[in-house]
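Undergrad: One structure coming up, written as C-alpha cells, with questions to follow.
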C-alpha cells in the first residue's frame, strides 16, 4: 500500500500517471469504495441535505464519462488503472477538503482560506487533467478541456437534479 501512496503522491505532483498503478480491478474497486465513503463522510461533516447523493452522482458521472472516452478511443483496457488514479487522488483531495472545512468559521471573513480552497480546486483540476492526458494519450490542454467539461457536466447535473 505504501508504493501505491507514493505513486498517487507523484500523480499529485504530475510526475506519474495511471499506468504506474498496478493493473486490475481489485485496487480500482477498493479505492473507488474508499473515495465514495470519504465523500459521504465529508458530506456528513458539512451537514447539508442531499450531499451524499450529490457526491455519488458526481463520482458516477466522472467515472462514466472517462469510461466512455476510453472506450471511444479504443483504450478500454486502461479503465481500471484510470479509475484507481482518479479515486486515489480524489480521496486525497477529499481529505484536504475536510481539513479546510474544519478551518472555516462562518462568522468571520477568511479570504486566505478561500484562496487556499480555490488553489486546491485548481490543483485538483490540473491533476485530473494530467490523469486524463495520460490515460487518453492526449495533450495537457486536451486533458484540461476534458477535466473542465466533466466538472461543468457535474455542476449542471447537480444544479438541475438537486435544485
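We did not get these values from a lab; they are worked out from the coordinates using the rules stated. Keep in mind that what you see is a predicted model, and the values were worked out from it rather than measured. Ideal geometry is used to build each Cβ from the backbone, glycine not excepted, and the neighbour counts take in all protein chains shown.
Undergrad: Testing the spin-label approximation: label points 7 Å from Cα along Cα→Cβ at residue 23 and residue 122. State their distance in nm.
TA: So the label points at residue 23 and residue 122 sit 3.8 nm apart.
Undergrad: Normalising by the residue count of segment 2-161, find the relative contact order in percent from Cα pairs under 8 Å and 6+ residues apart. Let's see the in-between values first.
TA: Values: 159 pairs, mean separation 48.6, N = 160.
This gives 30 percent for segment 2-161.
Undergrad: While we're looking at this one, here's another question. Quickly rank 125-134, 16-25 as a protection proxy: mean count of other C-beta atoms within 10 Å, highest first. Each step should come with its number before you reach the end.
TA: Working: 125-134: 22.4, 16-25: 16.7.
Result, highest mean Cβ count within 10 Å first: 125-134, 16-25.
Undergrad: What spacing in nm lies between the two simple spin-label points modelled at residue 3 and residue 148, each 7 Å away from Cα in the Cβ direction?
TA: 3.8 nm
Undergrad: Then there's this: Between the alpha-carbon centers of segment 1-63 and segment 83-97, tell me the distance in whole angstrom.
TA: After rounding, the separation between the Cα centres reads 4 Å.
Undergrad: Test of understanding: ordering 149, 11 by Cβ neighbours within 10 Å, fewest first, what list do you get?
TA: Ordered from fewest to most neighbouring Cβ atoms within 10 Å, 149, 11 come out as 149, 11.
Undergrad: Turning to a different aspect of this structure: Just to check, using Stokes-Einstein with a Kirkwood Rh over alpha carbon pairs, what's the diffusion coefficient of the chain at 37 °C and 0.692 mPa s in µm²/s?
TA: 201 µm²/s
Undergrad: Between residue 33 and residue 114, 0.36 nm times their residue separation minus their Cα-Cα distance comes to what?
TA: Values: separation 81, 0.36 × 81 = 29.16 nm, distance 2.90 nm.
Extra length from residue 33 to residue 114 when fully extended: 26.3 nm.
Undergrad: Against the longest alpha carbon principal axis of the chain, how many degrees, from 0 to 90 and to the nearest 10, is the axis of helix 111-136 turned?
TA: Its long axis makes an angle of about 10 degrees.
Undergrad: Specify the angular offset, from 0 to 90 degrees and rounded to the nearest 10, of the alpha carbon long axis of helix 51-72 from the longest principal axis of the alpha carbons in the chain.
TA: 20 degrees
Undergrad: Would you calculate, for the chain, the mean residue ellipticity at 222 nm contributed by helices, counting each DSSP H stretch of 4 or more residues as -39,500 (n - 2.57) and dividing by all residues, to the nearest 500? Intermediate results must be reported in sequence, preceding the final value.
TA: On the way: 6 runs with 128 residues, N = 163.
My calculation for the chain gives -27500 deg cm²/dmol from helical runs alone.
Undergrad: Right, next: Once the Cα atoms of helix 79-103 and of the chain are each reduced to a long axis, what angle between those two axes, in degrees from 0 to 90 to the nearest 10, is obtained?
TA: Between the helix axis and the principal axis of the chain, the angle is about 20 degrees.
Undergrad: Kindly list the residues of segment 116-130 that lie in the label zone of residue 102, defined by a backbone N under 20 Å from the point 7 Å along the Cα-to-C-beta vector.
TA: 116-121
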